[in-house]
Amino acid sequence: MIRVLLVHDVCLLRSALAERLAGEPDLEVFHAPWRSAPSRARMLRPDVCAVDLDCSESYGIAPLGELPGSRTGGGSSPLLVLANANRPGPLRRAVEAYACGFVDKEGTPENLIAAIRKVAKGELFVDTSLGFSFLRAAQMPLTKRELSVLSLAAEGASIGDIANSLHLSNGTVRNYMAAITRKTGARNRVDAIRISQGEGWV
């Protein structure tokens, strides 16, 4: 049996997808919202953590680093992410968290099931439909930290909120915003957010 932890913040979708996955004879499925996912993962020790890259909390940034199997989370539960082909920013964060599987959210449940089985065997799975998004992610001019700052700013967080969330000083956040504005060729913070959202970085 492959023990799967499905992480998604939309309860109805999460429950329906978990029920579909549980219909497979070789899958044992558990599910949780992002808020409780890290503790559930540590308790269950799943063979695969299948996670949605959208998060309703933390200003929309999925805390991949808190899960076992990520670069910083420790443990041995490989990450499989459900990604949007039009948003290379979250996809890049998943790559940096050492995700092993990348599934297009526009795909079928059967595709996800195939990905889970492959990742559980220690193999890499990448949806072909995400190929162009990987290219766009590689071309992003922003660093991981700048992307985190920009993502929070795009959700309406103030300088102080960003500083508290990322454990930085207000001055450091302002320096990051200045670098982001310069790298994106924007006129100001609002313009940088507009450009980045248009490119799908945030």
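The values are calculated or read from the model by the stated rules, or taken from the named source; none is laboratory data. None of the values given here were measured: they were computed from a predicted structure. Cβ sites come from the backbone with ideal geometry, for glycine too, and all protein chains shown count toward neighbours. For the accessible areas, the whole protein counts, side chains as well, though only heavy atoms, and no ligand, DNA or RNA atoms are used. Shrake-Rupley method; radii C 1.70, N 1.55, O 1.52, S 1.80 Å.
Some points to look at:
- Among the residues of the range 100-147, the ones that are of a type in the set (V, I, T), exposed (fewer than 15 other Cβ atoms within 10 Å of the Cβ) and over 17 Å from L6 (Cα atoms) come to 2 in all.
- Test: residue in the range 167-176 that is under 22 Å from A94 (Cβ atoms), open to solvent by less than 50 Å² (accessible area, probe 1.4 Å) and part of a helix (DSSP H, G or I): no
- Restricting the range 18-53 to residues that are assigned to a loop (DSSP other than H, G, I, E, B) and under 15 Å from P78 (Cβ atoms), the residue that is most open to solvent (accessible area, probe 1.4 Å) is R45.
- Flag for A163 being touching a helix residue (DSSP H, G or I) at 6+ places or on another chain (Cβ under 8 Å), crowded, with 17+ Cβ neighbours inside 10 Å and without any contact (Cβ under 8 Å) to a residue 12 or more places away in the chain: yes
- Within the range 99-114, being over 16 Å from the mean Cα position of the chain (by Cα) and without any contact (Cβ under 8 Å) to a residue 40 or more places away in the chain holds for G107, T108, E110, N111, A114.
- Residue list for the range 1-17, restricted to those being outside any strand (DSSP E or B) and either under 15 Å from L80 (Cα atoms) or out of contact with any Ser or Thr (no Cβ under 6 Å at 6 or more places or on another chain) (or both): M1, H8, V10, C11, L12, L13, R14, S15, A16, L17
- Evaluation of A99 against the conditions (1) in a helix (DSSP H, G or I); (2) in contact with a Leu (Cβ under 6 Å, 6 or more places away or on another chain); (3) under 28 Å from F30 (Cβ atoms) shows that the sole unmet condition is (1).
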